[in-house]
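Below you'll find the structure, written out as C-alpha coordinates, and then a few comments.
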Amino acid sequence: MTITEDLTRRAAELVGRRTSRRGFLGRTALVGSALTVAGPTYVLRPGTAYAAVTKVRCADCGSGLCCDGYTEFCCHINEDGANECPPGTLLAGWWKVDNSDFCFGTARYYMDCNKASPGCRCGGSGACQDDASQCGCRDCQSRKDGCTVFRYGNCSNHVACVGPIMCRVVTCTKPWEIEPSCSQVARTDERTRNHHRACLERDATDEEVAFVEALYADFLGRDSDPSGEAYWGQQVVRGAHLGADARSRIGYSFGYSDEYAGAVTRATYQRYLGREPEPDGAAHWSAALRDGRLTAQDLAVELLASEEFRLQGGGTPEGFVRLLYRRCLRREATPADLQSRTQELAAGRSRKAIATDVFRAEECRRTRVVDLYQLFLARDPDPEGREYWVGVLDRHPDIALAVFLAASDEYFRRATSRFVGTEPDTGILAGVPIGAGG
(Lines give C-alpha, C1' and ligand atoms only; values in the text may rest on other atoms or scores of the structure.)
Protein backbone atom coordinates (compact mmCIF):
# COMPACT_ATOMS: atom_id res chain seq x y z
CA MET A 1 0.00 0.00 0.00
CA THR A 2 1.39 3.43 -0.97
CA ILE A 3 1.47 6.38 1.42
CA THR A 4 -1.33 8.08 -0.56
CA GLU A 5 -3.47 4.95 -0.47
CA ASP A 6 -2.92 4.61 3.28
CA LEU A 7 -3.82 8.27 3.86
CA THR A 8 -6.90 7.85 1.75
CA ARG A 9 -8.06 4.88 3.79
CA ARG A 10 -7.43 6.59 7.12
CA ALA A 11 -8.98 9.87 6.04
CA ALA A 12 -12.11 8.07 4.94
CA GLU A 13 -12.37 6.42 8.35
CA LEU A 14 -11.59 9.50 10.43
CA VAL A 15 -13.31 12.36 8.66
CA GLY A 16 -15.66 10.77 6.17
CA ARG A 17 -18.61 11.67 8.37
CA ARG A 18 -17.89 15.32 7.65
CA THR A 19 -18.41 14.72 3.92
CA SER A 20 -21.84 16.26 3.74
CA ARG A 21 -21.63 17.80 0.25
CA ARG A 22 -23.33 15.36 -2.08
CA GLY A 23 -22.86 12.65 0.49
CA PHE A 24 -24.22 9.87 -1.68
CA LEU A 25 -20.76 9.21 -3.12
CA GLY A 26 -18.59 6.62 -1.46
CA ARG A 27 -16.50 8.25 1.23
CA THR A 28 -13.28 6.69 0.07
CA ALA A 29 -13.69 7.82 -3.54
CA LEU A 30 -14.45 11.42 -2.53
CA VAL A 31 -11.76 11.71 0.10
CA GLY A 32 -9.30 10.14 -2.28
CA SER A 33 -10.12 12.81 -4.83
CA ALA A 34 -9.67 15.51 -2.19
CA LEU A 35 -6.25 14.18 -1.25
CA THR A 36 -5.16 14.02 -4.86
CA VAL A 37 -6.01 17.66 -5.50
CA ALA A 38 -5.69 19.38 -2.15
CA GLY A 39 -3.06 17.25 -0.48
CA PRO A 40 -2.82 17.44 3.34
CA THR A 41 -5.12 20.48 3.53
CA TYR A 42 -8.22 18.31 3.77
CA VAL A 43 -6.75 16.06 6.45
CA LEU A 44 -5.61 18.89 8.68
CA ARG A 45 -8.52 21.36 8.35
CA PRO A 46 -12.23 21.00 9.11
CA GLY A 47 -14.73 21.18 6.28
CA THR A 48 -16.11 18.93 3.61
CA ALA A 49 -14.17 17.05 1.00
CA TYR A 50 -16.02 18.86 -1.76
CA ALA A 51 -15.03 22.26 -0.40
CA ALA A 52 -11.40 21.20 -0.22
CA VAL A 53 -11.50 19.99 -3.80
CA THR A 54 -13.01 23.18 -5.15
CA LYS A 55 -11.23 25.91 -3.20
CA VAL A 56 -8.59 26.29 -5.86
CA ARG A 57 -7.16 29.56 -7.21
CA CYS A 58 -9.54 31.97 -5.50
CA ALA A 59 -6.81 33.57 -3.39
CA ASP A 60 -6.83 36.65 -5.59
CA CYS A 61 -10.49 37.28 -4.77
CA GLY A 62 -10.46 36.58 -1.07
CA SER A 63 -14.27 36.35 -1.11
CA GLY A 64 -17.17 36.28 -3.50
CA LEU A 65 -18.68 33.61 -5.68
CA CYS A 66 -15.26 32.51 -6.90
CA CYS A 67 -14.55 31.09 -3.46
CA ASP A 68 -17.87 29.49 -2.58
CA GLY A 69 -16.98 25.97 -3.72
CA TYR A 70 -19.45 25.62 -6.59
CA THR A 71 -18.95 25.78 -10.33
CA GLU A 72 -20.35 28.40 -12.70
CA PHE A 73 -23.53 27.98 -14.73
CA CYS A 74 -23.06 26.96 -18.35
CA CYS A 75 -25.39 29.71 -19.58
CA HIS A 76 -22.98 32.27 -18.08
CA ILE A 77 -20.02 30.66 -19.82
CA ASN A 78 -21.51 29.90 -23.23
CA GLU A 79 -21.22 32.91 -25.49
CA ASP A 80 -24.76 32.45 -26.77
CA GLY A 81 -26.15 32.02 -23.25
CA ALA A 82 -27.27 28.46 -23.97
CA ASN A 83 -28.16 26.46 -20.88
CA GLU A 84 -26.38 23.34 -22.08
CA CYS A 85 -23.03 21.59 -21.76
CA PRO A 86 -20.40 23.39 -23.89
CA PRO A 87 -18.48 21.52 -26.61
CA GLY A 88 -15.94 19.05 -25.30
CA THR A 89 -17.92 18.24 -22.15
CA LEU A 90 -20.53 15.69 -21.11
CA LEU A 91 -23.07 15.25 -18.33
CA ALA A 92 -21.34 13.24 -15.62
CA GLY A 93 -23.67 13.73 -12.65
CA TRP A 94 -26.66 15.55 -11.20
CA TRP A 95 -28.41 16.57 -8.00
CA LYS A 96 -31.58 18.49 -7.20
CA VAL A 97 -33.44 20.67 -4.76
CA ASP A 98 -37.12 20.06 -4.03
CA ASN A 99 -40.04 22.50 -4.19
CA SER A 100 -38.06 25.13 -6.08
CA ASP A 101 -39.63 28.53 -6.71
CA PHE A 102 -37.68 28.61 -9.97
CA CYS A 103 -39.52 25.48 -11.14
CA PHE A 104 -43.03 26.30 -9.97
CA GLY A 105 -42.72 24.27 -6.80
CA THR A 106 -41.26 21.15 -8.41
CA ALA A 107 -37.70 19.85 -8.31
CA ARG A 108 -34.89 21.86 -9.87
CA TYR A 109 -32.02 19.85 -11.33
CA TYR A 110 -28.33 20.73 -11.41
CA MET A 111 -26.18 18.78 -13.86
CA ASP A 112 -22.38 18.78 -13.93
CA CYS A 113 -20.71 19.15 -17.32
CA ASN A 114 -17.28 17.55 -16.96
CA LYS A 115 -14.54 17.78 -19.52
CA ALA A 116 -14.62 14.83 -21.91
CA SER A 117 -11.50 12.90 -22.97
CA PRO A 118 -9.14 14.54 -20.47
CA GLY A 119 -5.36 14.29 -20.82
CA CYS A 120 -4.99 12.60 -17.46
CA ARG A 121 -5.72 9.29 -15.79
CA CYS A 122 -8.53 8.83 -13.30
CA GLY A 123 -7.54 5.64 -11.57
CA GLY A 124 -10.62 4.43 -9.71
CA SER A 125 -12.14 7.85 -9.02
CA GLY A 126 -13.69 8.44 -12.47
CA ALA A 127 -12.47 12.07 -12.52
CA CYS A 128 -9.05 13.67 -12.72
CA GLN A 129 -7.33 17.04 -12.76
CA ASP A 130 -6.55 17.79 -16.38
CA ASP A 131 -3.53 20.07 -16.63
CA ALA A 132 -4.75 21.24 -20.03
CA SER A 133 -7.96 22.60 -18.47
CA GLN A 134 -7.90 26.26 -17.53
CA CYS A 135 -9.02 26.75 -13.95
CA GLY A 136 -10.30 30.12 -12.86
CA CYS A 137 -13.14 32.61 -12.51
CA ARG A 138 -14.33 35.27 -14.89
CA ASP A 139 -14.25 37.63 -11.91
CA CYS A 140 -14.79 37.41 -8.17
CA GLN A 141 -18.55 37.44 -8.66
CA SER A 142 -18.36 34.48 -11.02
CA ARG A 143 -17.99 30.94 -9.83
CA LYS A 144 -15.14 28.71 -10.96
CA ASP A 145 -15.01 26.74 -14.15
CA GLY A 146 -12.59 24.00 -15.04
CA CYS A 147 -11.44 23.63 -11.42
CA THR A 148 -13.64 21.15 -9.61
CA VAL A 149 -12.44 17.55 -9.79
CA PHE A 150 -15.57 15.69 -8.81
CA ARG A 151 -17.96 13.17 -10.25
CA TYR A 152 -21.27 11.98 -8.93
CA GLY A 153 -21.13 8.90 -11.09
CA ASN A 154 -24.84 8.91 -11.92
CA CYS A 155 -24.55 9.97 -15.57
CA SER A 156 -22.44 8.74 -18.51
CA ASN A 157 -20.97 5.85 -16.55
CA HIS A 158 -19.99 4.26 -19.84
CA VAL A 159 -17.24 6.91 -19.92
CA ALA A 160 -14.58 5.70 -17.51
CA CYS A 161 -12.66 8.94 -17.05
CA VAL A 162 -13.67 12.61 -17.17
CA GLY A 163 -11.87 15.82 -16.34
CA PRO A 164 -12.89 18.72 -14.10
CA ILE A 165 -16.39 20.17 -14.00
CA MET A 166 -16.48 23.00 -16.50
CA CYS A 167 -19.94 24.31 -15.58
CA ARG A 168 -23.44 23.18 -14.63
CA VAL A 169 -26.71 23.05 -16.47
CA VAL A 170 -29.69 24.07 -14.31
CA THR A 171 -33.19 23.19 -15.41
CA CYS A 172 -36.62 21.99 -14.35
CA THR A 173 -36.33 19.08 -16.79
CA LYS A 174 -35.37 15.69 -15.38
CA PRO A 175 -31.74 14.80 -16.20
CA TRP A 176 -32.58 11.40 -17.70
CA GLU A 177 -34.86 13.16 -20.18
CA ILE A 178 -31.85 15.14 -21.36
CA GLU A 179 -29.21 12.41 -21.09
CA PRO A 180 -30.70 8.88 -21.10
CA SER A 181 -27.63 7.44 -19.38
CA CYS A 182 -28.43 9.39 -16.18
CA SER A 183 -29.73 7.45 -13.20
CA GLN A 184 -33.11 8.35 -11.69
CA VAL A 185 -31.92 7.86 -8.10
CA ALA A 186 -32.52 11.15 -6.29
CA ARG A 187 -29.68 13.18 -4.79
CA THR A 188 -30.36 16.44 -3.00
CA ASP A 189 -28.33 19.50 -1.99
CA GLU A 190 -30.55 22.23 -0.56
CA ARG A 191 -27.61 24.65 -0.26
CA THR A 192 -27.86 25.33 -3.98
CA ARG A 193 -31.54 26.27 -3.77
CA ASN A 194 -31.01 29.97 -4.47
CA HIS A 195 -28.12 29.67 -6.91
CA HIS A 196 -29.24 31.54 -9.99
CA ARG A 197 -28.21 33.55 -13.01
CA ALA A 198 -30.31 35.87 -15.11
CA CYS A 199 -29.38 33.85 -18.18
CA LEU A 200 -31.42 30.95 -16.77
CA GLU A 201 -34.60 33.00 -17.18
CA ARG A 202 -36.40 33.66 -20.44
CA ASP A 203 -39.13 36.07 -21.36
CA ALA A 204 -42.66 34.78 -21.74
CA THR A 205 -43.59 34.07 -25.34
CA ASP A 206 -46.43 35.90 -27.04
CA GLU A 207 -48.54 32.76 -26.60
CA GLU A 208 -47.80 32.58 -22.87
CA VAL A 209 -48.64 36.26 -22.41
CA ALA A 210 -51.87 35.69 -24.34
CA PHE A 211 -52.78 32.91 -21.90
CA VAL A 212 -52.34 35.33 -18.99
CA GLU A 213 -54.44 37.97 -20.75
CA ALA A 214 -57.18 35.40 -21.29
CA LEU A 215 -57.21 34.53 -17.58
CA TYR A 216 -57.63 38.20 -16.66
CA ALA A 217 -60.50 38.54 -19.12
CA ASP A 218 -62.32 35.32 -18.22
CA PHE A 219 -61.82 35.21 -14.46
CA LEU A 220 -61.60 38.90 -13.56
CA GLY A 221 -63.44 40.53 -16.47
CA ARG A 222 -60.74 43.08 -17.21
CA ASP A 223 -57.49 43.73 -19.07
CA SER A 224 -54.25 42.64 -17.50
CA ASP A 225 -52.05 45.32 -15.93
CA PRO A 226 -48.31 45.46 -16.77
CA SER A 227 -47.07 44.24 -13.38
CA GLY A 228 -49.60 41.42 -13.21
CA GLU A 229 -48.90 40.39 -16.77
CA ALA A 230 -45.13 40.30 -16.08
CA TYR A 231 -45.56 38.31 -12.85
CA TRP A 232 -47.97 35.71 -14.18
CA GLY A 233 -46.10 35.49 -17.47
CA GLN A 234 -43.01 34.47 -15.54
CA GLN A 235 -45.06 31.94 -13.58
CA VAL A 236 -46.19 30.39 -16.86
CA VAL A 237 -42.54 30.27 -17.98
CA ARG A 238 -41.45 28.59 -14.77
CA GLY A 239 -44.23 26.05 -15.05
CA ALA A 240 -43.82 25.42 -18.78
CA HIS A 241 -42.32 21.98 -18.12
CA LEU A 242 -45.52 20.98 -16.31
CA GLY A 243 -47.89 21.95 -19.13
CA ALA A 244 -51.55 21.74 -18.14
CA ASP A 245 -50.71 21.05 -14.50
CA ALA A 246 -48.99 24.42 -14.14
CA ARG A 247 -51.78 26.19 -16.00
CA SER A 248 -54.25 24.56 -13.62
CA ARG A 249 -52.41 25.89 -10.58
CA ILE A 250 -52.29 29.37 -12.09
CA GLY A 251 -56.01 29.13 -12.86
CA TYR A 252 -56.74 28.27 -9.24
CA SER A 253 -54.74 31.31 -8.15
CA PHE A 254 -57.02 33.49 -10.25
CA GLY A 255 -60.17 31.62 -9.21
CA TYR A 256 -59.45 31.97 -5.50
CA SER A 257 -58.09 35.51 -5.54
CA ASP A 258 -59.63 38.41 -3.66
CA GLU A 259 -60.36 40.20 -6.91
CA TYR A 260 -62.20 37.17 -8.24
CA ALA A 261 -64.59 37.36 -5.29
CA GLY A 262 -65.60 40.83 -6.46
CA ALA A 263 -65.86 39.71 -10.08
CA VAL A 264 -68.09 36.75 -9.29
CA THR A 265 -70.28 38.95 -7.08
CA ARG A 266 -70.85 41.41 -9.94
CA ALA A 267 -71.46 38.63 -12.47
CA THR A 268 -73.94 36.83 -10.19
CA TYR A 269 -75.91 40.06 -9.71
CA GLN A 270 -75.93 40.59 -13.47
CA ARG A 271 -77.16 37.11 -14.23
CA TYR A 272 -79.87 36.72 -11.61
CA LEU A 273 -80.96 40.30 -10.84
CA GLY A 274 -79.99 41.89 -14.14
CA ARG A 275 -78.00 44.76 -12.59
CA GLU A 276 -74.74 45.79 -10.98
CA PRO A 277 -74.58 45.39 -7.21
CA GLU A 278 -74.78 48.50 -5.07
CA PRO A 279 -71.43 49.34 -3.35
CA ASP A 280 -72.48 48.11 0.08
CA GLY A 281 -73.87 44.87 -1.33
CA ALA A 282 -70.78 44.26 -3.43
CA ALA A 283 -68.52 44.83 -0.43
CA HIS A 284 -70.61 42.61 1.84
CA TRP A 285 -70.88 39.61 -0.48
CA SER A 286 -67.31 39.87 -1.77
CA ALA A 287 -65.97 39.85 1.79
CA ALA A 288 -68.10 36.81 2.63
CA LEU A 289 -66.78 34.96 -0.42
CA ARG A 290 -63.15 35.88 0.38
CA ASP A 291 -63.49 34.82 4.00
CA GLY A 292 -65.08 31.50 3.13
CA ARG A 293 -68.29 32.34 5.00
CA LEU A 294 -70.19 31.97 1.75
CA THR A 295 -69.75 30.01 -1.47
CA ALA A 296 -70.64 31.31 -4.90
CA GLN A 297 -73.52 28.82 -4.91
CA ASP A 298 -74.80 30.31 -1.67
CA LEU A 299 -74.66 33.79 -3.18
CA ALA A 300 -76.65 32.71 -6.24
CA VAL A 301 -79.34 31.17 -4.04
CA GLU A 302 -79.49 34.25 -1.78
CA LEU A 303 -80.16 36.47 -4.78
CA LEU A 304 -82.71 34.07 -6.28
CA ALA A 305 -84.56 33.94 -2.96
CA SER A 306 -84.40 37.70 -2.38
CA GLU A 307 -87.37 40.04 -2.16
CA GLU A 308 -86.00 41.93 -5.16
CA PHE A 309 -86.09 38.78 -7.26
CA ARG A 310 -89.66 38.02 -6.11
CA LEU A 311 -90.77 41.50 -7.09
CA GLN A 312 -89.11 41.16 -10.49
CA GLY A 313 -91.37 38.15 -10.97
CA GLY A 314 -94.43 40.25 -10.24
CA GLY A 315 -94.61 39.66 -6.49
CA THR A 316 -96.73 36.49 -6.81
CA PRO A 317 -95.83 32.85 -6.13
CA GLU A 318 -96.45 31.97 -9.77
CA GLY A 319 -94.31 34.88 -10.97
CA PHE A 320 -91.46 33.87 -8.66
CA VAL A 321 -91.49 30.29 -9.98
CA ARG A 322 -91.69 31.40 -13.61
CA LEU A 323 -88.70 33.76 -13.24
CA LEU A 324 -86.72 31.18 -11.29
CA TYR A 325 -87.06 28.67 -14.11
CA ARG A 326 -86.18 31.26 -16.75
CA ARG A 327 -83.03 32.46 -14.98
CA CYS A 328 -81.76 29.06 -13.84
CA LEU A 329 -83.04 26.60 -16.43
CA ARG A 330 -83.41 28.90 -19.46
CA ARG A 331 -86.95 27.67 -20.11
CA GLU A 332 -90.51 28.29 -19.09
CA ALA A 333 -91.93 26.41 -16.14
CA THR A 334 -94.40 23.73 -17.20
CA PRO A 335 -97.91 23.64 -15.72
CA ALA A 336 -96.76 20.75 -13.52
CA ASP A 337 -93.75 22.79 -12.35
CA LEU A 338 -95.96 25.74 -11.47
CA GLN A 339 -98.47 23.61 -9.61
CA SER A 340 -95.96 21.68 -7.52
CA ARG A 341 -93.76 24.68 -6.64
CA THR A 342 -96.63 27.04 -5.78
CA GLN A 343 -98.17 24.34 -3.60
CA GLU A 344 -94.86 24.05 -1.74
CA LEU A 345 -94.82 27.80 -1.18
CA ALA A 346 -98.42 27.74 0.02
CA ALA A 347 -97.53 24.96 2.45
CA GLY A 348 -94.88 27.18 4.02
CA ARG A 349 -91.72 26.08 2.19
CA SER A 350 -89.34 29.03 1.79
CA ARG A 351 -88.29 30.63 -1.48
CA LYS A 352 -84.68 29.88 -0.51
CA ALA A 353 -85.38 26.16 -0.20
CA ILE A 354 -87.04 26.05 -3.59
CA ALA A 355 -84.28 28.16 -5.18
CA THR A 356 -81.72 25.73 -3.76
CA ASP A 357 -83.59 22.76 -5.25
CA VAL A 358 -83.71 24.33 -8.69
CA PHE A 359 -80.14 25.63 -8.66
CA ARG A 360 -78.72 22.26 -7.59
CA ALA A 361 -80.92 20.29 -9.98
CA GLU A 362 -79.27 18.31 -12.76
CA GLU A 363 -80.95 20.48 -15.37
CA CYS A 364 -79.49 23.67 -13.92
CA ARG A 365 -76.05 22.09 -13.58
CA ARG A 366 -76.25 21.17 -17.25
CA THR A 367 -76.88 24.80 -18.23
CA ARG A 368 -73.92 25.92 -16.13
CA VAL A 369 -71.63 23.36 -17.77
CA VAL A 370 -72.65 24.70 -21.19
CA ASP A 371 -72.06 28.28 -20.01
CA LEU A 372 -68.54 27.48 -18.84
CA TYR A 373 -67.63 25.70 -22.06
CA GLN A 374 -68.90 28.66 -24.03
CA LEU A 375 -66.95 31.12 -21.89
CA PHE A 376 -63.62 29.33 -21.94
CA LEU A 377 -63.70 27.41 -25.22
CA ALA A 378 -66.40 29.25 -27.22
CA ARG A 379 -68.22 26.00 -27.97
CA ASP A 380 -70.74 23.58 -26.53
CA PRO A 381 -69.39 20.57 -24.66
CA ASP A 382 -69.43 17.18 -26.29
CA PRO A 383 -72.25 15.02 -24.84
CA GLU A 384 -69.95 12.74 -22.84
CA GLY A 385 -67.99 15.65 -21.37
CA ARG A 386 -71.17 17.50 -20.53
CA GLU A 387 -72.70 14.61 -18.60
CA TYR A 388 -69.43 13.89 -16.82
CA TRP A 389 -69.19 17.45 -15.52
CA VAL A 390 -72.89 17.56 -14.63
CA GLY A 391 -72.09 14.71 -12.23
CA VAL A 392 -68.94 16.39 -10.93
CA LEU A 393 -70.77 19.64 -10.16
CA ASP A 394 -73.15 17.71 -7.93
CA ARG A 395 -70.18 17.19 -5.59
CA HIS A 396 -67.79 20.01 -6.42
CA PRO A 397 -68.03 23.75 -7.12
CA ASP A 398 -68.24 25.13 -10.65
CA ILE A 399 -64.74 26.58 -10.27
CA ALA A 400 -63.39 23.04 -10.68
CA LEU A 401 -64.66 22.95 -14.25
CA ALA A 402 -63.58 26.54 -14.92
CA VAL A 403 -60.01 25.76 -13.91
CA PHE A 404 -59.99 22.48 -15.84
CA LEU A 405 -61.04 24.24 -19.02
CA ALA A 406 -58.59 27.12 -18.49
CA ALA A 407 -55.73 24.63 -18.12
CA SER A 408 -56.51 22.79 -21.33
CA ASP A 409 -54.41 22.93 -24.48
CA GLU A 410 -57.53 24.05 -26.35
CA TYR A 411 -57.89 27.11 -24.11
CA PHE A 412 -54.19 27.92 -24.53
CA ARG A 413 -54.53 27.79 -28.31
CA ARG A 414 -57.70 29.87 -28.21
CA ALA A 415 -55.97 32.49 -26.04
CA THR A 416 -53.34 32.84 -28.76
CA SER A 417 -55.96 33.43 -31.43
CA ARG A 418 -57.75 35.92 -29.16
CA PHE A 419 -54.84 38.03 -28.00
CA VAL A 420 -51.74 37.65 -30.18
CA GLY A 421 -51.80 40.55 -32.61
CA THR A 422 -55.41 41.45 -31.81
CA GLU A 423 -57.29 43.92 -29.67
CA PRO A 424 -57.90 42.83 -26.04
CA ASP A 425 -60.89 40.49 -25.74
CA THR A 426 -62.55 41.39 -22.44
CA GLY A 427 -65.99 41.65 -20.94
CA ILE A 428 -66.76 37.97 -21.48
CA LEU A 429 -67.46 37.46 -17.80
CA ALA A 430 -70.49 39.76 -17.85
CA GLY A 431 -73.69 37.80 -17.41
CA VAL A 432 -71.97 34.48 -16.78
CA PRO A 433 -70.87 34.03 -13.16
CA ILE A 434 -67.87 31.74 -13.12
CA GLY A 435 -68.09 29.38 -10.21
CA ALA A 436 -71.64 30.35 -9.42
CA GLY A 437 -72.20 26.84 -8.15
CA GLY A 438 -69.25 26.65 -5.82
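The values are calculated or read from the model by the stated rules, or taken from the named source; none is laboratory data. Because the structure is a prediction, the values reported are computed rather than measured. Quick note on the areas: whole protein, heavy atoms, side chains included, nothing else; ligands and nucleic acids left out. Shrake-Rupley method; radii C 1.70, N 1.55, O 1.52, S 1.80 Å.
For the reader, a short list of remarks on this structure follows.
- Using the alpha carbons alone, the radius of gyration of the stretch 224-343 stands to its Kirkwood radius in an Rg to Rh ratio of 1.14.
- In plain terms, the bigger the Kirkwood radius, the slower the diffusion; for the stretch 191-252, with that radius from Cα pairs, at 20 °C and 1.002 mPa s, Stokes-Einstein puts D at 172 µm²/s.
- Averaging the sequence gap over all C-alpha pairs within less than 8 Å and six or more residues apart, then dividing by the number of residues, gives the stretch 98-247 a relative contact order of 23 percent.
- Shown here is the pair-distance distribution of the stretch 137-259: with all Cα-Cα distances grouped in 5 Å bins from zero up to the longest one, the shares run 2, 8, 14, 16, 14, 12, 11, 9, 7, 4, 2, 0, 0 percent.
- Mean projection area, nm², convex hull over Cα of the stretch 179-219: 6.0
- A 1.4 Å probe over all protein chains sorts 232, 95 by accessible area into 232, 95, starting with the largest.
- Cα gyration tensor category, rounded, prolate or oblate, for the stretch 85-156 with a/c compared to 1.5: oblate
- Available extension along the chain between residue 374 and residue 205 is 58.2 nm, counting 0.36 nm per residue and deducting the alpha carbon span.
- With viscosity 1.306 mPa s and temperature 10 °C, the Kirkwood radius over alpha carbon pairs of the stretch 112-204 converts through Stokes-Einstein to a diffusion coefficient of 108 µm²/s.
- Here the relative contact order of the stretch 247-292, from alpha carbon pairs under 8 Å that lie six or more residues apart, stands at 41 percent.
- Principal axis extents of the C-alpha atoms in the stretch 224-285 (largest first, rounded to whole Å): 43, 23, 17.
- Note on the stretch 274-360: along the principal axes its Cα atoms extend 40, 23, 22 Å, ordered by decreasing extent.
- Globularity index of the stretch 64-106, i.e. its alpha-carbon radius of gyration over 2.2 N^0.38 Å: 1.40
- Computed over the stretch 377-423, Kirkwood Rh from alpha-carbon pairs, angstrom: 12.0
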